[in-house]
Amino acid sequence: MTALDSVTIEQLDGDAARAAVPALAEILRDSVANGASVGFMDWNTSADFEDFWAGIAAEVAAGRIHLFVARDGRGIVGTAQLHLIGKPNQPHRAEIAKVLVHSQARRRGIGEALMRAAEAAALAHGRDLLVLDTDEAGAARRLYNRLGWTELGTIPRYALMPDGRDCGSTFFYKQLG
């Protein structure tokens, strides 16, 4: 665990991930409601968000995903995932996904702390090359640049924003250690 101005970053196991599904679904709902292009649309329901996180919890229990959360006095306020690549020719690589911070907890360094925890876990699992993608216009892009990630470029119209508008996705990588 890491403390950050009354925020704690922790990695969840499968049981803790299952127990956290409602809180994680709320963070996802809040992110989508605030315009984040994270795989969901305005019309998705709480049940959709909970189903997504239940699937992630199963992957955590299977050891394929490492799930990190940020907690403060209100509970879980942020999350990030480290996806270990299971392909025989990519034992050195992992992906970062769904770095989300609730709108009421932003601008406190939580995203950076979650990223640093995921990077440390990647190294601990022998993964020294990380990749991720993000909305080309989102605030996360600035975070990744600041943390030393290398921006590869943007694919236009890669996804949709929650309201249906086109969204380009910017891809990054980071060589660790």
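The values are calculated or read from the model by the stated rules, or taken from the named source; none is laboratory data. Keep in mind that this is a model prediction, so the values were computed, not measured. All Cβ positions, glycine included, derive from the backbone under ideal geometry; neighbour counts span all protein chains shown. To get the accessible areas, we keep the full protein, side chains included, count just its heavy atoms, and leave off ligands, DNA and RNA. Shrake-Rupley method; radii C 1.70, N 1.55, O 1.52, S 1.80 Å.
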Answer with yes or no whether Arg107 is of a type outside the set (Ser, Thr, Tyr), modelled with pLDDT under 95 and open to solvent by 50 Å² or more (accessible area, probe 1.4 Å). yes
Residues of the stretch 122-143 being of a type in the set (D, E, K, R) and touching a strand residue (DSSP E or B) at 6+ places or on another chain (Cβ under 6 Å), which ones? Arg127, Asp133, Asp135, Glu136, Arg141
Of the conditions (1) part of a strand (DSSP E or B); (2) open to solvent by less than 50 Å² (accessible area, probe 1.4 Å), the single one that Pro162 does not satisfy is (1)
Is it the case that Leu123 is open to solvent by less than 30 Å² (accessible area, probe 1.4 Å) and either in contact (Cβ under 8 Å) with a residue 12 or more places away in the chain or under 27 Å from Ala33 (Cβ atoms) (or both)? no
Condition first: surrounded by 19 or more Cβ atoms within 10 Å (Cβ to Cβ) and in contact (Cβ under 8 Å) with a residue 40 or more places away in the chain. Now tell me which residues in the stretch 72-88 satisfy that. Ile76, Val77, Gly78, Thr79, Leu82, Leu84
Pull up the stretch 112-140, narrow it to residues that are over 17 Å from His83 (Cβ atoms) and hydrophobic (A, V, I, L, M, F, W, C), then point me to the one that is farthest from the chain's Cα centre (by Cα). Ala137
Would you confirm whether any residue within the stretch 44-53 is modelled with pLDDT of 95 or more, hydroxyl-bearing (Ser, Thr, Tyr) and assigned to a loop (DSSP other than H, G, I, E, B)? yes
How many residues does the stretch 20-55 contain that are free of Cβ contacts under 8 Å to residues at least 24 places away in the same chain and aromatic (Phe, Trp, Tyr)? 1
